[in-house]
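Visitor: Here you go, one structure.
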Amino acid sequence: MTTSPVTSQSAFDGSRMRVLLFVDLKEGAQQEFLDAYEQMRDRVASIPGHLGDQLCQSVENPSQWIITSEWATAPPYLAWVNSEDHIETVRPLQNCVRELRSARFGVVRETGGRERPTGGLQTAPRTGDGVIRHALTFTVKPGSESKVAEILAGYTPPEARVDDTTRLRRTTLFMHGNRVVRTVEVEGDLTRALRHVSRQPEIRAVEEALNPHLEQDRDLADPESARTFFIRAAMPPVHHVARGGPEPDGITRHALYYPARPGCGLALAELLARQDEAAAADPASPVHRSTVFQREDVVVRLVDVRGDPETDPVRTLGIHGPRKAAVLARLLDGEALGVPGPLPGEREAHRLLAHAGMALITDRRAAQS
């Protein structure tokens, strides 16, 4: 009997990354766009890890452009794209574009003799499972948590089918204090799926009901306000791994919140990613599947585990092995989580699991077609 390959996708494999920004311009906005690009490129060129970029115009349709940029590795790009500086850098583009979307690729093969100063090739193709994962996070006003949970738990899910190639698979919402995390799993095109969801009347009603409770003000009728909110809320996956083969019985879904010390978000996410890779190869680990999401110093780990996480809190938390708990304690903002100090043993692991665990608000799976 053959074992299915492990699904593994990671931003921490050390390979160079190419980012494509697809731009569809408004009519008559070409010069404004070129001026905005000139402002952008000098700021982007100063970002550590940036190797260069190109501005390309479609031969067939002059309103369509692509900005390509190359990065030594994914982490410096992710640190920048998730920052306030990125929001300010791309703001001049908003007035002259009809549509803006990006795609990120690891470099697997290349031709030519051009010498590369930094970064390497992706050593092997990633093995996916046909599912794209994404998360949003935002905070609500203290005291409104129960009302927000009620709003989020009571929404009517949208139609799963987006088109012939795209469908929603699963949406799960969690809360930790006044922080909300919404994870989404999509087959097909993520942008198309998110646009489909945002247009549904029942979803717009939920979003409008949330508005008075948000710590960050937004106006969904104002495209720039809505766009800025969702850019700040986006929390991309930086690592995903799953065991091969069919899903065993007794799998339950959990989310764990790991607030990092200032500037330590990526390092904490990478520690958890390395631990999850080891868990996928360890038959004793209860972790069947894990996705690490990270934005600045907010790290969330979505884990599907066999049985009760409390039966093996060390492996569930991703701190199994020599000195792993000590490293996590150095990167984690334990004060913010309510578990300051070192994490020397299983007793502390139980406390951390209790404090890091997020409350499940709703978990909606699409019906299998």
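The values are calculated or read from the model by the stated rules, or taken from the named source; none is laboratory data. Remember, it's a predicted structure, so these values are computed and weren't measured experimentally. Glycine gets a Cβ as well: all are built from the backbone with ideal geometry, and neighbour counts include every protein chain shown.
Visitor: If you go through segment 293-339, how many residues are among the small types (Gly, Ala, Ser) and either over 14 Å from Tyr258 (Cβ atoms) or without any contact (Cβ under 8 Å) to a residue 24 or more places away in the chain (or both)?
Guide: 6
Visitor: Considering only segment 175-206, how many residues are assigned to a helix (DSSP H, G or I) and either of a type outside the set (D, E, K, R) or crowded, with 18+ Cβ neighbours inside 10 Å (or both)?
Guide: 11
Visitor: Of everything in segment 5-17 that's in a loop (DSSP other than H, G, I, E, B) and modelled with pLDDT of 90 or more, which residue is surrounded by the most Cβ atoms within 10 Å (Cβ to Cβ)?
Guide: This residue is Ala11.
Visitor: Moving on to the next point. Given the structure, is Leu100 more than 17 Å from the chain's Cα centre (by Cα) and of a type in the set (A, V, I, L, M)?
Guide: Yes, satisfied.
Visitor: Take the conditions assigned to a helix (DSSP H, G or I), over 22 Å from the mean Cα position of the chain (by Cα) and buried (at least 20 other Cβ atoms within 10 Å of the Cβ) and apply them to Leu352. Does it pass?
Guide: Taking the combined requirement at face value, the residue satisfies it.
Visitor: Answer yes if at least one residue in segment 287-308 is of a type in the set (Gly, Ala, Ser), on the phi > 0 side of the Ramachandran plot, assigned by TED's automatic domain parsing to the domain that holds Ala349 and in contact with a Gly (Cβ under 7 Å, 6 or more places away or on another chain), and no otherwise.
Guide: For segment 287-308, residues of a type in the set (Gly, Ala, Ser), on the phi > 0 side of the Ramachandran plot, assigned by TED's automatic domain parsing to the domain that holds Ala349 and in contact with a Gly (Cβ under 7 Å, 6 or more places away or on another chain): present.
Visitor: Which condition number does Ala153 fail, the rest of (1) at pLDDT below 95; (2) within 26 Å of Val6 (Cα to Cα); (3) surrounded by 11 or more Cβ atoms within 10 Å (Cβ to Cβ) being met?
Guide: (2)
Visitor: Of all residues in segment 18-60 being among the small types (Gly, Ala, Ser) and within 21 Å of Leu78 (Cα to Cα), which is surrounded by the most Cβ atoms within 10 Å (Cβ to Cβ)?
Guide: The selected residue is Gly49.
Visitor: Hey, could you check segment 102-118 for residues that are assigned to a loop (DSSP other than H, G, I, E, B) and modelled with pLDDT of 85 or more and say which is farthest from Val238 (Cα to Cα)?
Guide: Checked segment 102-118; the qualifying residue farthest from Val238 (Cα to Cα) is Arg109.
Visitor: For segment 25-61, name all the residues that are among the aliphatic types (A, V, I, L, M) and either not assigned by TED's automatic domain parsing to the domain that holds Val81 or not in a loop (DSSP other than H, G, I, E, B) (or both).
Guide: Result: Leu25, Leu34, Ala36, Met40, Val44, Ala45, Leu51, Leu55.
Visitor: Additional query: Which pairs do you get when a residue that is not assigned by TED's automatic domain parsing to the domain that holds Arg295, found in segment 65-79, comes within reach of a residue that is at pLDDT 95 or above and assigned to a helix (DSSP H, G or I), reach meaning Cβ atoms under 7 angstrom, with the pair 6+ apart or on two chains?
Guide: Correct list of pairs: empty, since none qualify.
Visitor: Identify, by number, the condition in (1) out of contact with any Asp or Glu (no Cβ under 6 Å at 6 or more places or on another chain); (2) at pLDDT below 90 that Glu99 doesn't meet.
Guide: That leaves (1) as the condition not met.
Visitor: Kindly list the number of the only condition in (1) closer than 30 Å to Leu317 by Cα; (2) touching a helix residue (DSSP H, G or I) at 6+ places or on another chain (Cβ under 8 Å); (3) of a type outside the set (D, E, K, R); (4) at pLDDT 90 or above that fails for Val206.
Guide: Every condition holds for Val206 apart from (1).
Visitor: Can you spot a residue in segment 284-306 that is surrounded by 17 or more Cβ atoms within 10 Å (Cβ to Cβ), in a helix (DSSP H, G or I) and not β-branched (Val, Ile, Thr)?
Guide: No, because not a single residue in segment 284-306 is surrounded by 17 or more Cβ atoms within 10 Å (Cβ to Cβ), in a helix (DSSP H, G or I) and not β-branched (Val, Ile, Thr).
Condition check ((1) among the acidic types (Asp, Glu); (2) at pLDDT 90 or above) across all residues:
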residue	(1), (2)
Asp304	yes, yes
Asp308	yes, yes
Asp312	yes, yes
Ala325	no, yes
Leu332	no, yes
Glu335	yes, yes
Gly341	no, no
His350	no, yes
